[in-house]
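S.K.: Attaching a single structure in structure tokens format; questions to follow.
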Amino acid sequence: LLEEDRAEKQSLKKLRTQADTLSFSDGCLQLNTKLPFLYGRQISLVQFSQVQRQTMLSVHSPSAKPSAVRLDSKTIICIWNIWEPSRPQKILVYESEVHCCCFSPGKATLVFAGTSVGSVVLWDLREHASAHYTLRIGENDWTLRHPTFSTDAVLAASGHMSSVSSVEAVPATVAEGLRPELPLFASDEESSGLSFQLASLDGNGVLNLWVVLELPKANDAGSHTDLGLRPGGKVKLLHSSTVLTASERSSTRDAKKTTLLQTLLLKFLPSDSNHFFIGTNMGLVNHVTSHGLKAPPKFYRPQVVGFRLVDVTSIDFSPFGEPIFLVGCGDGSVRLHTVLSEQPLMEWASSTAGQPVVSVQWAQTRPTVFCVLDAASYLHIWDLLEKDFEPVITEKIDADRVTAMAVFGDPAKQNTYSGISLATQSGKIEMQYFSKRFTVPESADLEKLQIMMQEAF
């Protein structure tokens with residue numbers, strides 16, 4: 001508690017003394033990743049909970065160099081409270097490579113991951129430490145949590161046959177449409193986040209929907225019927241349905257060539273999760289609807305028509321309720337789309353000088369601000385209100401290549417705790433707090449977006 005209090009006060013003081021404070025930033029905080037089991041590990045992903053906005057996960061890839069701690073071949077996921085930077089709250093371990101992760105949609109009590117071997121796994125963070133393996137390293141005891149449930153044991157017909165590229169918790173509206181018999185609770189408090197579905201997508205376009213089910217009580221002897229459930233575990237995944245998302249798309253007029261269409265990532269429309277958006281390796285974002293509702297457009301394309309092999313590397317919907325989303329691509333282009341039109345509202349072809357986009361994310365407290373990270377470790381910050389043709393800030397992060405970023409903040413509070421978490425190749429995580437210019441909303445922000453949307457039609 002003292003540490004949390006101190007971190008908060010420091011953040012309010014906005015200490016500008018650190019040498020590594022960047023030009024857009026009012027101060028920074030480093031999380032302590034100098035832990036024996038994290039040495040030499042690159043961070044492939046950082047992500048925040050949408051509800052507990054100080055809770056973040058970081059995915060540390062298996063290590064190439066053998067270390068004293070025998071966890072090298074395993075992926076480690078750390079759960080952090082960013083106000084307690086001295087150590088992670090929980091340490092999750094998985095046997096092979098983890099490609100994607102997400103938190104449960106209510107409280108951050110569950111973590112889901114999609115893996116390189118095609119399985120979907122979950123950890124229940126409420127489990128008592130005594131149910132897990134404790135490793136003593138130096139003077140500290142660390143509890144290493146193995147998954148509560150894994151779909152490895154689910155029959156092949158309902159699992160994934162190839163690497164899982166995306167896992168997303170389905171917002172509540174889709175559960176009503178797909179499974180009317182599932183009780184949906186009235187409020188977040190009642191549901192404890194366990195009345196929802198999970199979607200997992202693999203590279204071949206197979207989208208599986210799972211019901212997340214909490215059992216009335218755990219059995220320490222394990223389960224006779226469910227081989228994927230860990231003894232003592234209470235939460236499991238039940239396969240609900242499969243949607244083949246790539247098959248109908250291979251006949252689009254651009255894709256006549258016999259290139260294999262790959263599906264790389266999945267996002268749901270926040271306001272209506274019967275609509276899902278799938279990034280492909282052809283620069284297109286496919287628009288798929290569940291249970292037979294066909295809604296135009298079928299896909300969202302770049303301005304230049306023609307067949308191109310370009311990976312869609314990142315998709316992010318506006319957190320302010322507008323039906324718009326950003327798309328980042330492997331050729332360095334960034335597009336702004338409205339859900340209603342297949343052509344982009346805006347397309348910036350050369351903002352990263354051709355470097356692939358690693359991640360594109362909206363700021364959480366200002367509707368016209370977004371961040372783009374490229375593969376050469378440049379961070380580009382856009383403010384469409386100030387300039388809609390180029391970023392307002394482009395910063396090269398020199399010391400160490402940035403491999404992942406996550407933007408944090410609370411759209412409901414116009415507060416100063418808004419910023420960006422940057423993770424590096426050498427395994428550091430730095431929280432940079434945005435200066436006021438990027439955090440305090442202006443009345444013209446939403447007007448600007450509405451004008452852009454009107455101009456398109």
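S.K.: Collect residues whose amide H, placed 1.01 Å from N in the peptide plane, falls under 5 Å from the amide H of residue 332; neighbours closer than 5 in sequence don't count.
M.R.: Counting only residues 5 or more places away or on other chains, the set is 357.
S.K.: Still on this structure, please answer the following. Ignoring ligands, DNA and RNA, please state the percent of accessible area on the chain from carbon and sulfur, probe 1.4 Å.
M.R.: 53
S.K.: Calculate the spin-label point distance for residue 413 paired with residue 401, positioning each point 7 Å from the Cα along the beta-carbon direction, and give it in nanometres.
M.R.: For the pair residue 401/residue 413, the computed spacing is 3.7 nm.
S.K.: Got a number for the accessible area of residue 132? Probe 1.4 Å, square angstrom, nearest 10.
M.R.: For residue 132, solvent-accessible area is about 20 Å².
S.K.: If I model a spin label at residue 51 and residue 32 as a point 7 Å from the Cα along the Cα→Cβ vector, what separation in nanometres do I get?
M.R.: In this crude label model, residue 51 to residue 32 measures out at 2.9 nm.
S.K.: Right, another one. Round to the nearest 10 and report in Å² the accessible area of residue 136, as given by a 1.4 Å probe over the protein chains' heavy atoms.
M.R.: Surface accessible to solvent at residue 136 totals approximately 150 Å².
S.K.: While we're on this one: Taking the Cβ of residue 445 as the center, what net charge do the other residues with Cβ under 10 Å away carry, scoring Lys and Arg +1 and Asp and Glu -1?
M.R.: -1
S.K.: When the solvent-accessible surface of protein heavy atoms is calculated with a 1.4 angstrom probe, in what order do 215, 35, 1 fall, highest first?
M.R.: 1, 215, 35
S.K.: Something else: Output wanted: per-residue J couplings in Hz (rounded whole) for the stretch 266-277, from phi through Karplus 6.51 cos²θ - 1.76 cosθ + 1.60, θ = phi - 60°, x for Gly and Pro.
M.R.: Ordered by residue, 3J(HN,Hα) equals 10, 9, 9, 5, x, 7, 8, 7, 6, 9, 10, 10 Hz.
S.K.: Further question: What is the sum of charges around residue 118, taking Lys and Arg as +1, Asp and Glu as -1, for the other residues whose C-beta is under 9 Å from the C-beta of residue 118?
M.R.: -2
S.K.: Would you work out which of 125, 102, 92 lies farthest towards the positive end of the dipole of the stretch 70-132? Charges go on Cβ: Lys and Arg +1, Asp and Glu -1.
M.R.: Of the candidates, 125 comes out farthest on the positive side.
S.K.: If you don't mind, there's one more thing I want to ask. For residue 244 and residue 64, compute 0.36 nm times the residue count separating them, minus their Cα-Cα distance, and round to one decimal in nm.
M.R.: Contour length minus Cα-Cα distance gives 61.2 nm.
S.K.: For the stretch 285-358, with only Lys/Arg (+1) and Asp/Glu (-1) charged at the beta-carbon, what is the dipole magnitude about the Cα centre, in debye rounded to 20?
M.R.: Charge dipole, the stretch 285-358, about its Cα centre: 240 debye, nearest 20.
S.K.: Continuing with the same structure: What is the percent of Cα-Cα separations in the stretch 48-177 that go past 25 Å?
M.R.: The calculated P(r) of the stretch 48-177 puts 28 percent of pairs beyond 25 Å.
S.K.: Now, a different point. Skipping prolines and chain starts, which residues have an amide H placed within reach, meaning under 5 Å, of the one on residue 308, given they are 5 or more residues away or on another chain?
M.R.: Under 5 Å from the amide H of residue 308 lies no amide H from a residue far enough along the sequence or on another chain.
S.K.: Sticking with this one: What is the calculated FRET efficiency for residue 128 to residue 393, with r their C-beta to C-beta distance and R₀ = 45 Å, to the nearest 0.05?
M.R.: Efficiency at R0 = 45 Å is approximately 0.45.
S.K.: Output wanted: per-residue J couplings in Hz (rounded whole) for the stretch 340-357, from phi through Karplus 6.51 cos²θ - 1.76 cosθ + 1.60, θ = phi - 60°, x for Gly and Pro.
M.R.: 8, 9, 6, 7, x, 5, 9, 9, 10, 7, 10, 5, 10, 6, x, 6, x, 7
S.K.: Provide the FRET efficiency to the nearest 0.05 for the residue 96-residue 454 pair, computing r from the beta carbons and using R0 = 56 Å.
M.R.: Efficiency at R0 = 56 Å is approximately 0.70.
S.K.: So which of 267/428; 34/236; 236/428; 236/298; 107/236; 34/436 end up more than 25 Å apart by C-alpha?
M.R.: Listed pairs above 25 Å: 267/428; 34/236; 236/428; 236/298; 34/436.
S.K.: Find which of 423, 279, 61 sits farthest along the positive direction of the dipole of the chain, computed with +1 on the beta-carbon of Lys and Arg, -1 on that of Asp and Glu, about the Cα centre.
M.R.: 61
S.K.: Skip the ligands, DNA and RNA, and give the accessible area per residue of the chain with a 1.4 Å probe, whole Å².
M.R.: 43
S.K.: Moving on to the next point. Step through the residues of the stretch 146-151 one at a time and calculate ³J(HN,Hα) from phi using the Karplus curve (6.51 cos²θ - 1.76 cosθ + 1.60, θ = phi - 60°), rounding each to whole Hz and writing x for Gly and Pro.
M.R.: Values, residue by residue: 8, x, 6, 8, 9, 7 Hz.
S.K.: Go through 350, 333 and list them by solvent-accessible area, largest first, probe radius 1.4 Å.
M.R.: Listed by decreasing accessible area, they come as 350, 333.
S.K.: Towards the positive end of the charge dipole of the chain, with charges on Cβ (+1 Lys, Arg; -1 Asp, Glu), say which of 241, 22, 204 has the farthest Cα.
M.R.: Going by the charge dipole, the pick is 204.
S.K.: Can you list the residues, at least 5 places off or on another chain, whose amide H is less than 5 Å from the amide H of residue 72, using H built in the peptide plane?
M.R.: So residue 72 has HN proximity to 67.
S.K.: Quick one, what does Rg over Rh come out to for the chain if you take C-alpha atoms and the Kirkwood Rh?
M.R.: Using Cα coordinates only, the ratio equals 0.95.
S.K.: Assigning unit charges at the beta carbon (Lys, Arg +1; Asp, Glu -1) and nothing else, what dipole magnitude in debye, to the nearest 20, does the stretch 296-435 show about its Cα centre?
M.R.: For the stretch 296-435, the charge dipole is close to 240 debye.
S.K.: Heavy atoms of the protein only, probe of 1.4 Å, neighbouring chains included. What is the accessible area of residue 434 in Å², nearest 10?
M.R.: Probe radius 1.4 Å; accessible area of residue 434 about 0 Å².
S.K.: At 222 nm, what value in deg cm²/dmol follows for the chain if DSSP H runs of at least 4 each add -39500 (n - 2.57) and the sum is divided by all its residues, to the nearest 500?
M.R.: Helices in the chain give a 222 nm mean residue ellipticity of -2500 deg cm²/dmol.
S.K.: Can you compute the modelled spin-label distance between residue 219 and residue 143, with each label point 7 Å from Cα toward Cβ, in nm?
M.R.: 2.4
The values are calculated or read from the model by the stated rules, or taken from the named source; none is laboratory data. Just so you know, these numbers come straight off a predicted model, no measurement behind them. Positions of Cβ are backbone-derived with ideal geometry, glycine not excepted, and every protein chain shown enters the neighbour counts. Quick note on the areas: whole protein, heavy atoms, side chains included, nothing else; ligands and nucleic acids left out. Shrake-Rupley method; radii C 1.70, N 1.55, O 1.52, S 1.80 Å.
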